[in-house]
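Peer 1: So that we are looking at the same thing, I have put the structure below in structure tokens.
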Amino acid sequence: MRKIMAVNAGSSSLKFQLLEMPNEKVITEGIVERIGLKDAYYTIKVNGSKEKEVLPILDHAEAVKKVLNDLIARQIVKDLKEISGVGHRIVQGGWYFQDSAIVDDDVLTKIEELCDLAPLHNPAHLVGIRAFQKVLPGVPNVVVFDTAFHQTMKDDTYMYALPYEWYTKYKIRKYGAHGTSHKYVAYLAAAMLDKPLEETKIVTCHLGNGASIAAVKGGKCVDTSMGLTPLEGIPMGTRSGNIDPTVLEYMSKKEGYSLEELLVILNRKSGYLGVSGVSNDSRDLEARVDTDERCRLALEIQYKRIADYIGSYYILMEGIDAIVFTAGIGENSSRCREKVLNKLKVLGVEVDREANKARGEVAEITTKDSKIRAFLIPTNEELMIARDVVRLTEGK
Ligand code: AMP
């Protein structure tokens with residue numbers, strides 16, 4: 001039995017989950033927030049309830065020390081040597097990584113080189129890796145990329161119709177995101193179908209605060225809605241998704257915005273929040289659909305765009321066996337699932353309204369007669385990370 005730490009480091013936060021492998025049991029999980037401040041938050045789940053502490057944590061190495069010392073203090077682990085591998089979620093693996101990798105100098109250099117493409121995320125991931133290397137010397141670190149699963153897209157799918165030199169010189173292309181989640185739920189769905197993996201055609205809808213859709217044929221990603229960055233695709237909590245780029249020039253002329261300001265608006269002030277003017281959280285919007293026209297509209301725009309993607313993936317894959325809903329909205333909002341699936345009636349989709357009341361657990365949400373099956377499958381990126389740590393470090 002091995003204890004594996006799955007880590008998701010952000011610029012001022014560090015989320016962790018300690019798993020027992022290979023039996024895939026979560027031992028504990030928690031988060032350090034507001035790293036860099038004298039009143040940082042440390043939260044850990046003990047026996048199902050959250051315990052929170054406010055304390056100074058000035059950098060990521062201190063955050064890692066705090067987590068590990070607390071695991072010892074609480075006797076969750078007796079000796080740090082029990083932790084035999086650490087897996088890190090990395091947002092951008094660019095063109096370098098088709099699979100997860102064991103961290104060495106070359107891997108670190110490549111992640112560093114890709115910081116330009118993920119300026120908010122990759123630098124934070126590097127800090128997280130270095131913190132674990134310092135505090136747990138000799139323990140292998142494995143990196144698991146959000147982009148890796150999408151590397152099987154064909155060139156006619158990942159290329160933009162832009163000057164070709166932008167690609168050769170600057171690697172401007174689609175990379176996608178949420179790959180670990182899409183892969184996890186696609187494989188689970190494939191196992192629920194009565195055919196070999198190579199013949200399966202699945203659309204996965206990862207609908208959280210960030211949201212993306214993927215077409216997975218024979219277990220391989222053939223298209224996804226996010227692009228060079230997570231701004232492309234469907235509208236999200238605060239992101240616009242696809243727009244006509246000319247809007248930027250027009251609004252810069254009308255309101256004098258700089259390019260940086262416009263990108264902040266597209267990334268943080270659009271989507272649900274921008275249209276509704278109320279919130280980036282679908283729960284707030286759903287609570288107001290009958291009384292606030294803009295809340296209704298914000299949701300409807302997103303549902304339509306989701307259905308548009310599914311329709312185009314139906315053509316791309318020459319059919320769909322199953323549609324999967326996952327992440328915060330996909331796992332919890334029966335309204336979203338029903339509204340999207342109802343737009344696909346022309347493809348023979350029939351929602352089972354009773355089954356669709358499910359939340360946060362695996363469920364089949366279409367009727368027996370439905371021509372395409374739909375599933376709710378909770379995602380589990382931490383488990384995928386821990387599995388990859390085991391796969392890549394076993395026997396080393
Ligand atoms: P995630 O990014 O996967 O953590 O998803 C977060 C989002 O899930 C939140 O912003 C909410 O919009 C959505 N969400 C969570 N719970 C519910 C719920 N019960 N009903 C509708 N949306 C929900």
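What follows is calculated from the coordinates using simple rules that are stated; it is not laboratory data. Note that the coordinates shown come from a computational prediction; the quantities given were computed from them, not determined experimentally. Note: ideal-geometry Cβ built from the backbone for every residue, glycine included; neighbour counts use all protein chains shown.
Peer 1: Take the Cα coordinates of the range 295-371, assign each an equal point scatterer, and use the Debye formula without solvent to give log10 I(q)/I(0) at q = 0.14, 0.16, 0.26 Å⁻¹.
Peer 2: Debye output, listed in q order: -0.44, -0.57, -1.40.
Peer 1: Measure nothing fancy, just the Cα-based angle from helix 122-135's long axis to the longest principal axis of the chain, in degrees from 0 to 90, nearest 10.
Peer 2: Long axis of 122-135 versus the principal axis of the chain: about 20 degrees.
Peer 1: Please compute the contact order of the range 253-396 in relative form: average sequence separation of alpha-carbon pairs under 8 Å and at least six residues apart, divided by the residue count, as a percent.
Peer 2: Dividing the mean separation by the residue count of the range 253-396 yields 16 percent.
Peer 1: Let me ask another. Using amide H atoms built in the peptide plane, which far-off residues or other-chain residues are under 5 Å from T366 H to H?
Peer 2: Amide H neighbours of T366: D352, A374.
Peer 1: Determine one quarter of the surface area of the Cα convex hull of the chain, which equals its mean projected area, and express it in nm² to one decimal.
Peer 2: Spelled out: convex hull of the Cα atoms, projected over all directions, averaged, 21.5 nm².
Peer 1: Restricting things to alpha carbons, tell me how big the range 17-170 is in terms of Rg and Dmax, in Å.
Peer 2: Rg, Dmax (Cα atoms, Å): 18.3, 58.
Peer 1: Residue farthest toward the positive end of the dipole of the range 141-228, with Cβ of Lys/Arg at +1 and Asp/Glu at -1: which of L197, L162, T180?
Peer 2: L162
Peer 1: Output the pairs from K201/K368; K3/K45; K174/K345 with a Cα-Cα distance over 23 Å in this structure; if there are none, say none.
Peer 2: With Cα atoms farther than 23 Å apart: K174/K345.
Peer 1: While we're here: Looking at the range 53-106, I'd like the Rg to Rh ratio, where Rg is from alpha-carbon atoms and Rh is Kirkwood's inverse mean 1/r.
Peer 2: Radius of gyration relative to Kirkwood radius: 1.08.
Peer 1: Please go through the range 97-165 and write out the trypsin sites (Lys or Arg not before Pro) that DSSP classes as loop and that have at most 10 other C-beta atoms within 10 Å.
Peer 2: K154
Peer 1: Please give the per residue volume of the convex hull enclosing the alpha carbon atoms of the range 204-289, rounded to a whole number of Å³.
Peer 2: 105
Peer 1: So what's the gap between the Cα centers of the range 308-346 and the range 70-131, to the nearest angstrom?
Peer 2: Rounded to whole Å, the Cα centres lie 33 Å apart.
Peer 1: Measure nothing fancy, just the Cα-based angle from helix 293-316's long axis to the longest principal axis of the chain, in degrees from 0 to 90, nearest 10.
Peer 2: Computed tilt is about 90 degrees.
Peer 1: Give me the percent of DSSP beta bridges within the chain that run antiparallel, rounded to the nearest 5.
Peer 2: Among the beta bridges of the chain, antiparallel pairing accounts for roughly 70 percent.
Peer 1: Charges only on Cβ, +1 for Lys and Arg, -1 for Asp and Glu: so what's the dipole of the chain about the Cα centre, in debye to the nearest 20?
Peer 2: 460
Peer 1: In the chain, once you exclude exposed GluC sites (Glu not before Pro) (DSSP loop, at most 14 other Cβ within 10 angstrom), what's the longest stretch remaining? It would help to have the intermediate numbers written out before the result.
Peer 2: Numbers: sites that count: E24, E318, E354, E361, E394.
Longest run free of exposed loop sites: 25-317.
Peer 1: Hey, another quick one. Any idea what angle helix 179-192 forms with the longest principal axis of the chain, computed on alpha-carbon atoms, 0 to 90 degrees, nearest 10?
Peer 2: The answer is roughly 70 degrees.
Peer 1: Once Lys and Arg get +1 and Asp and Glu get -1 on their Cβ, which of N267, V32, A118 lies farthest toward the positive end of the dipole of the chain?
Peer 2: Looking along the dipole axis, the top candidate is V32.
Peer 1: From the backbone phi of the range 319-336, what are the Karplus-calculated ³J(HN,Hα) couplings (6.51 cos²θ - 1.76 cosθ + 1.60, θ = phi - 60°) in whole Hz, Gly and Pro given as x?
Peer 2: x, 9, 8, 8, 10, 10, 10, 8, 6, x, 7, x, 7, 10, 9, 5, 4, 4
Peer 1: In debye to the nearest 20, how big a dipole does the range 147-286 give about its Cα centre with +1 on each Lys and Arg Cβ and -1 on each Asp and Glu Cβ?
Peer 2: Once rounded to the nearest 20, the dipole reads 260 debye.
Peer 1: What's the magnitude of the charge dipole for the range 1-111 around its Cα centre, counting Lys and Arg as +1 and Asp and Glu as -1 at the beta-carbon? Answer in Debye, nearest 20.
Peer 2: I would put it at about 340 debye.
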